Every structure is written in structure tokens, then in C-alpha cells.
Amino acid sequence: MDLLIKNGFVFDPLNGVNGEKMDIAVKNGRIVGDVVERKARKVDASGMIVMPGGVDIHTHIAGSEVNTGRLLRPEDHFRDFERKTSATRAGVGRSIPSTFTTGYRYARMGYTTVMNPAMAPLEAKHTHEELDDTPMVDKASYPLLGNWWFVLEYLARGDIEQCARHIAWIMNSTKGYAIKVVNPGGLEAWGFGHNVKELDDEVPYFCTTPREIIRGLCKANTLLNLPHTIHVHTNSLGRPGNYTTAIDTMKCVEDLALDDKPVIHLTHCQFSAFKGEDWRTLESGAAEIADYMNNHKHVTMDMGQIIFTDTTTMTADGPFQYALYGLTGNKWVNHDVETETSAGIVPFRYRRKSYVHAIQWSIGLELALLIKDPWRIFMTTDHPNAGPFTAYPKIIAWLISKNAREASLKRINPRARSKSLLPSIDRELSLYEIAITTRAGQAKALGLKNKGHLGPGADADIAVYNVNPETTDISRKFRSVRRAFKKAAYTVKGGEVVVKDGEVLKSVSGRTKWLDVKVSEPALITEDMKKRFRTYWTVEYENYPVYEDHLEGLEPINVKASV
Amino acid sequence: MIVLSPLREFRFPVMAECISPDVFEGKTPSEIGALQMWEGNKQKSLESLFKIEEATTEETAGDATLQIVGDIRQVRRIGSGMKKGTITIKGDVGMHLGEEMKGGKIIVQGDAESWVGSMMKGGSIEILGNAGDYLAAPYRGCDKGMKSGKIIVHGNVGTEAGAYMQSGVIKILGNAGEFTGFRMHDGTIYVKGDCMERAGACMANGKVVIEGRLESVLPSFSVDSIRPKIKIDTSEEVEGPLYVFVGDLAENGSGKLYVSKKNNPQLSCYEKFL
């Protein structure tokens, strides 16, 4: 059935629409110029804002580490559960919700596309099965390639073209979407009990350096014409003084940028913006990073904003997670995923009154506010590492309102407050900029052509929030904006109204996007390689790929590589 | 005073968070009867499961008193989160009695199932019969157990009594199962009878006093001294002599395990280390 969303204030930054009152027409799951009003189902959005459905570039919602986190934390479940309704299934979990609940909660906030950023290639089948079970949203997954043995070996030999072909094979066999690099070189070093700290540290046993890995993968990414850039979690993450590593990481691919197009995405940058010698002298390095960002155009970034709450940290960065266990003494998991990556999980509580946590909270917001171009800094919490995604409305309130920031500043650690740059920042994001940083910018960075905008031809993923930008001073009434973003008035997914007033009306299944990369000459799969699969992996080469008929919701995107 | 008695024997678990003096306060018996609870997968009203009577006697005058008479072994979560008042149960009661209670008093004239006073924050629970496993322990995964308050069990208890306990007093006048005081952070557990093995495993702090027999002490405990007596709370002291063990050293803990010397001749081998 056709759909007409009438009289909303539309914010569609990719098409330059800034709060104009207009109708959005939907036909067959796509946005079209016009529909016959008499026949269409009408949604009255007068006095409300209409935005494209939210896009989340980095959120751990599926895969073996998320699932291990669920097993590790029964206490995360029994305090937060949802009963089944006529439309939804029952579910549990606050920081690591079950798959169905994840989908419903995203949809309630008006999000329709989410990206699962860490998939060990070996665990691809598991990840995709969970993604298949995550309703309401479209999704994709990034395979972890920064420590994959074959990649390290190709790069150590400097064979970028062969490496690119190999990555094309991995994208096809794991049904991945982008190249994820976590602590390049460090994770396989961790397999031998070592780590790397700086870009030029040699990765033990691999004769390469993080700089070579990042540059090599960046070149391979360009050769393959992948829609997203490489997605990098820097070395030395979560260690005081690491902002220089973050800047070095950005600098090291500066010369690879073509016509101001981004070539690298630094993820959850808050964790990479620490200045100071140790935890006692920790300070914010956000100003330096923002300064670099404002003078260069080849980087995109997401915040990884801290939320003061109890959450679960889970990354592929095994050594970092081990350090976190040392800090907290909490229960923990650390895992070496064969020859691919590592992983770790530690439950964590961010406290307002802790100096370090309060500084971290401040860093995230400083980054978002000091970086002038909203097209290159995106709102995330690195769910669930810095906080659950359900806290996004809070972050929106902090971004649009200095009052909101000051209300929170009053309650944090006093020493951190005196060091924070936030009191000196007057910038308040407009709703247009919020639309960029929460959807349009993210869709653009991901190269998703049909997402993040409301022009004809786009997927009909639409969010309607009950805020009237004409009558509301959003800076002063930040609480009402927060409420509105918490419960979308309407969420439209694929042309169907799936959420009304924050209640899920209908459960729909989303699609999992993956890149079908066509290379001129297939990757070299030698007998030696197969033999190594037999020797070092628990899964043989023949059983390794995820087959399309194994899953329901796969949607290939064709990419023609120039190699 | 409100007196409840089950109308029939329950086959399925009944989730009765609403049976609590706080909820009942100021409500007429018909309003109380309309409260909802789950029996198995069906939502039922209180009056369809329990007979509700209003009785006034001199000794139990006042609104915040509630009595339950009968076998309610399938009824769980009675007094969950209660802040004041008294619940008297004449009969056996189900799991999670007084879960997260903050104040008031619960008396059970019978046995109780597992998880009595789970994660309680205040108030007192007295059980005249036996209690099940996980006395005052939190749910699986949580590391914050009983925060304050007092629990007295006149009979025996099962395993993991006082696990993750943070403060408060637990007195067990009968015997205790394995892992008494597992991972406790602070507080006092007193076992008058015998205690099964692995008492105080992984404890970080606090004290466990065992007056009866404890077959063996974990190897991660180190003997510290012999004391003539030890104080349980302001009103009670245990006469010794008692061995004092410190541990659990495997967890870098400094908890104290007091074990009666008289009832444990098998532990005399530790004396040579003093």
C-alpha cells in the first residue's frame, strides 16, 4: 500500500532539505515523487520532524563475542526484560540485548540500518545467523582483517594487488561489508603474548608494522572500490597518551587520499584521544584531534560516547581487554580466534564520580563539538563498549543543548569538570546537523546509496519524531527532544509503518547487505593455503565460506574492483 | 491485619511480588483481591488464588501486618522489595522470599525454599524451619549480595549461604551446606551446627564463624591464631576457643574464618604453624 507522510518538517541533509514543510510519498517500499493521495495511507506528521531512518555505523549487535557476553552476564538480563506482545517476541538484556530485542529497540528510536563492526571471519556463520534473527533493521558486518595471517603475509611482501584479491575472496566468503582493522598487528602479537604500541613497532614474527598494515589495507580498499573506507580501531586504544597514535594513524594515509574523499574511518575515537602520562594525569586530547580533523578531509570518525552506566565492554582487542580486567578485577573472557584475531569481554561501570570516566565522557562530546564538519563525525556509543545504544537520545540532548551539558557537568567528578573543555564550548548542533551525524553522514560514509536520505529512489526508511522545531526552543527544551528521540512517533521500514508512538506494531525482517566484489582475476588459492587451513584452522577451506542459501535475508551489492 | 490462605494446591509457580505490606497498605480487601499475579503462564487475580480475610486482634493491630496460612511452596517472591510491616507465614514458602527487601520483618513458621532474602538491603527474616540453597545470595552473575539486614534460620540451610554478601548478619542455628560465604565481601555468617566443606571459598573480607564441625579448611586459607571468643553482633558472642584462618589467599582476600577448636580435633595439625 502507498504511504503519504504529510506536513512534517523534513530534515534531509543529503538532498539539502532543512526543516521544510513537505510530504513524503512512498510506493513499493521506495520513496517516490508523488502518490495518489486518495489511495494512500496517510500519516499525519504535522508539528513533527521527519528524518531518514537512523543509521548506526558501529554497534556490536551480533556474533560470537556478543553472544559470549550474553552468557557471561545473566545479571544484565533479569533486570531488563520485555514481555511478548501481539507483534513482538519476548526478550532480555540491557547492554547486550537478545537479537529480537535489539531490533525492536533500534526501531523504537527510529533507526533502520545498523552495522555490526566486528566479525571474526571464522565466526561469520554465527554472526550472520544472529543478524538474520535481528528484525526491523537492515544490517551488515565488517570482517576483521587487520590481523588475518594471509593479509599480514601479503603486506609484509608488499604484494598489495594479491592482498586485494584475497580480501575480495574474504568479503565474498564471509559476506562482509567493509575492512575492519583492530589494533593492527597487535592482536596476532597478543597470540604470542606481545602487543604493539606505536605505528612503527614491528609485529613479532610477521616482519611488518602497523603502518604498513594500515597503508596496505587502505590501498587494497581503494583498488577494490569498496563503498566504505577501512574502519580502524587504533593501536594503543584506551591507554593514556594515545592521542598521538590516533593522529599518526590519520597522518599515515594522508597521501593516499584522492579528491578530498575519506580513506580512513577512525572508530570510537573517544578511546583514542587520551592525553597524559598515566591515569592520574589523564587529560583530553580532543582539541588536538579536532584541530587535525578540521585541517584535513581524508578522515571520518565516530564518537564512542561514554554513558554513565553499567555496561559490557567487548572488543576484538584482546590485550586492551586484558588490561581492563587488570583495572577492574571483574569477571572476564579473553579469546584467541585461531589465526585471525583475538577478543575479550569485561563488564564495566562508568561512574560520574570517577575522574577518568568523567574525562572520557567529556572527550566524546568535545570531539563531536570541536570538529566543525558534522559529515565526518558520527554519533555512536560503540554499543555496548561505552554504553548501550538506547542512550542515543541522551547524547542528542547533550549535542543540541549547552544547558543539557551543564546539567550533566554539575554532577561529574569536580576535578574532571575543571579540566573539561565543555564549559568553553558554546556550539549547539541544529536538528539539521543531528540528522547528518545520526543518519545522512553515516550513510554517506558507508556508501549506502539508498539509505540516509529521502529523495526519490531511496529506501522508504523514515523516522518521525514528535518535536515541533517552529515552536520549541530545542536548546532549552532538551528534555522534550530527548523524549521524542527515545520514542519515535512513527518509524517506517521498507514502506511499512512498523512503530507508532514508541510501540512496535509489526515485526519485519531486515536485509543483510554484503559486497559481491568482482575482481578481474580471482584470488590465488594455492594448495599451500588449503594445507594451512587444514593445519591451523579448526574449519577446512571448503567449509569456510558462508553460503547464500544458508541464510534468508542476504542482499548482495555488486562492486567492480579495479584489480 | 490481612490473612491470606490458598484456595487450592498450586501446581505451577505463582509469582506473588504483590503480596507485600507496602502494596496492601491502605487497600480494602476487595482492592487487594484485584491485584494481579502470574500463575504459570496465566495472569490471575489474587482473590482467585487466595482467600482474603480481615482479622483484628490486639497483638497484631495496625495496617502493615499480613499473615499467610497454608502450604505456599509454589508461591515465589513474597515480600519482594518490601519496606515496612510484618509478614507472618504459617506453613512452607516458595523461592525468593523477601527478595531485595529494604525493611520490615518476615517470619516463617515452616520451611523456606532457595534464595531467601536474595540481595536484601535491610529488615529481618526469621525462618523457624529449614531454608534452601543460596540464602541471601544474588542471582547468577551478580556480584552484589545481601547489603544489610539480618537473617536467622533455626534449621538447616543448603549450599552457598551468604554468597557475595556485602554486609549484615546471617545466623544459621542448624547445619550449613557447602560454599558457605562464597565470595563474600563483608558481613558476618554464624553457623551453630556443622558446616560442609569449602566454607569461605574466594572470600575477600568479612567473617564466617562455625561452632560445629568443619571437616577441612581450604588450602588457600592460612591459620592466624586461636581466640577465646568472638562477637557475632551487639548481643551475641560465641565462646571458644576458636581457630582463626585468614583467606581466601587465592583471591588476595583478608576474610576471617573462625572454627571451633573443641568440635574440630582434626584441625589440630594447624597448631604447629602458630
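Give the separation of the Cα centroids, region A:496-511 to region A:275-318, in Å. Spelled out, the Cα-based centre of one part sits 34 Å from the other.
Where does the charge balance sit around residue A:490 when Lys and Arg score +1, Asp and Glu -1, over other residues with C-beta under 13 Å from its C-beta?
Values: positive: A:6, A:41, A:42, A:108, A:487, A:493, A:500, A:506; negative: A:44, A:461, A:496, A:501, A:503.
It works out to a net charge of +3.
As an equivalent ellipsoid, chain A spans semi-axes of 35, 28, 22 angstrom, where each value is the square root of five times an eigenvalue of the C-alpha gyration tensor, largest first.
Filter the trypsin sites (Lys or Arg not before Pro) in region A:9-61 down to the DSSP loop ones having no more than 12 other Cβ atoms within 10 Å, then list what survives. Of the trypsin sites (Lys or Arg not before Pro), the ones in loops of region A:9-61 whose Cβ has at most 12 other Cβ atoms within 10 Å are A:38, A:39. I want to verify a result. In a Gaussian network model of chain B, Cα cutoff 10 Å, which of these has the top mean-square fluctuation: B:130, B:263, B:41? For chain B, modelled as a Gaussian network with Cα springs under 10 Å, the answer is B:41. The local environment of residue A:286, defined by Cβ-Cβ distances under 10 Å, has a net charge of -3 under the rule Lys, Arg +1 and Asp, Glu -1.
When nucleic acids and ligands are ignored and a 1.4 Å probe is applied, residue A:82 ends up with an accessible area of around 30 Å².
Per residue, the average separation of C-alpha pairs within less than 8 Å and at least 6 apart gives region A:29-171 a relative contact order of 22 percent. With a sphere of radius 12 Å drawn around the Cβ of residue A:65, what net charge do the other residues whose Cβ falls strictly inside it have (Lys, Arg +1; Asp, Glu -1)? Overall, the nearby charge balance is -2. Note on residue A:280/residue A:192: beta-carbon distance plugged into 1/(1 + (r/R0)^6) with R0 of 30 Å gives a FRET efficiency of 0.45. Considering only the Cα atoms of region B:66-224, their convex hull presents on average a projected area of 7.9 nm².
In region B:103-140, burial by the other protein chains removes 10 Å² or more of accessible area from B:119, B:139, B:140, compared with the chain on its own (1.4 Å probe, ligands and nucleic acids ignored). For a quick check, take a GNM of chain B with Cα springs below 10 Å and name the residue from B:203, B:101, B:37 with the largest mean-square fluctuation. Maximum among the listed residues: B:37. The per residue volume of the convex hull around the alpha-carbon atoms of region B:1-98 is 83 Å³. The 3J(HN,Hα) values that the Karplus relation (6.51, -1.76, 1.60; θ = phi - 60°) gives for region A:61-74 are, in residue order, 10, 8, x, 5, 6, 4, 5, 5, x, 4, 5, 6, 10, x Hz. Gly and Pro appear as x. Take the protein assembly as shown with all the other protein chains still there, run a 1.4 Å probe, and you get 38 Å² of accessible area per residue.
In a DSSP loop and with at most 12 other Cβ atoms within 10 Å, the GluC sites (Glu not before Pro) in region A:248-327 are A:277.
Can you pull the percent of region B:56-133's accessible area that's carbon plus sulfur, 1.4 Å probe, other chains left in place?
Numbers: 1210 of 2940 Å².
Of all accessible area on region B:56-133, carbon and sulfur atoms account for 41 percent.
The figure for residue B:30 is an accessible area of roughly 80 square angstrom, using a 1.4 Å probe on the protein chains alone.
The value obtained for region A:182-301, namely the Cα convex hull volume divided by the number of residues, is 99 Å³ per residue.
Could you check how many percent of all C-alpha pairs in region A:477-517 are farther apart than 11 Å?
Working: 567 of 820 pairs.
Of all Cα-Cα pairs in region A:477-517, 69 percent lie more than 11 Å apart.
Determine the percent antiparallel among the DSSP beta bridges restricted to chain A, to the nearest 5. Approximately 55 percent, going by the DSSP bridge assignments.
Tell me whether region A:396-524 comes out rounded, prolate or oblate; compute the Cα gyration tensor, take square roots of the eigenvalues as a ≥ b ≥ c, and use a/c under 1.5 as the rounded threshold. Provide the component values of the computation, followed by the final result.
Working: a/c = 2.54, a/b = 1.51, b/c = 1.69.
It is oblate, given that a/c is not under 1.5 and a/b is not larger than b/c.
Using a Gaussian network model of chain B in which every pair of alpha carbons under 10 angstrom is joined by a spring, one finds that among B:27, B:144, B:102 the greatest mean-square fluctuation is at B:27.
From the square roots a ≥ b ≥ c of the eigenvalues of the alpha-carbon gyration tensor of region A:337-387, which class results: rounded (a/c under 1.5), prolate (a/b over b/c), or oblate? Oblate shape, in that a/c is at least 1.5 and b/c is the bigger or equal ratio. How big is the gap, in Å, between the Cα center of region B:83-106 and the Cα center of region A:362-405? Going from one Cα centre to the other spans 45 Å.
Of the three principal axes defined by the Cα atoms of region A:260-341, the extents in descending order read 43, 36, 25 Å. Are there chymotrypsin sites (Phe, Trp or Tyr not before Pro) in region A:189-268 that DSSP puts in a loop and that have at most 13 other Cβ atoms within 10 Å, and which ones? In loop regions of region A:189-268 (DSSP not H, G, I, E or B), the sparsely surrounded chymotrypsin sites (Phe, Trp or Tyr not before Pro) are A:192, A:205.
In region A:248-357, what is the count of Lys pairs whose alpha carbons are under 24 Å apart, counting only pairs at least 8 residues apart or on separate chains? Let's see the in-between values first.
Values: A:251/A:261; A:251/A:275; A:251/A:297; A:261/A:297; A:275/A:297; A:275/A:353; A:331/A:353.
Counting lysine pairs in region A:248-357 gives 7.
Peptide A:76-87 is shielded by partner chain Cβ atoms: per residue, an average of 1 of them sit within 10 Å of its Cβ. I'd like the carbon and sulfur percentage of the solvent accessible area for chain A, probe radius 1.4 Å, heavy atoms only, ligands and nucleic acids excluded. Accessible surface attributable to carbon and sulfur in chain A totals 48 percent. Taken one residue at a time, the phi angles of region A:47-59 give Karplus couplings (6.51, -1.76, 1.60, θ = phi - 60°) of x, 10, 9, 10, 10, x, x, x, 10, 10, 7, 8, 8 Hz. Gly and Pro are set to x.
Straight-line cross-link reach from residue A:449 at under 17 Å between alpha-carbon atoms covers these aspartates and glutamates, not counting any fewer than eight positions away in the same chain: A:12, A:56, A:138, A:459, A:461, A:516, A:555. Considering only alpha-carbon pairs that sit under 8 angstrom and 6 or more positions apart, the relative contact order computed for region A:291-362 is 34 percent. For region A:8-60, averaging the sequence separation of C-alpha pairs within contact (under 8 Å, six or more residues apart) and dividing by the residue count gives a relative contact order of 40 percent. Measuring r between the beta carbons of residue B:44 and residue A:86 and using R0 = 22 Å, the FRET efficiency lands at 0.60.
The values are calculated or read from the model by the stated rules, or taken from the named source; none is laboratory data. Quantities reported herein were computed from a predicted structural model and do not represent experimental measurements. A quick note on method: Cβ atoms are made from the backbone with ideal geometry, for glycine too, and the neighbour counts reach across all protein chains shown. Side chains are part of the model used for accessible areas, which takes the heavy atoms of the whole protein and leaves out ligands, DNA and RNA. Shrake-Rupley method; radii C 1.70, N 1.55, O 1.52, S 1.80 Å.
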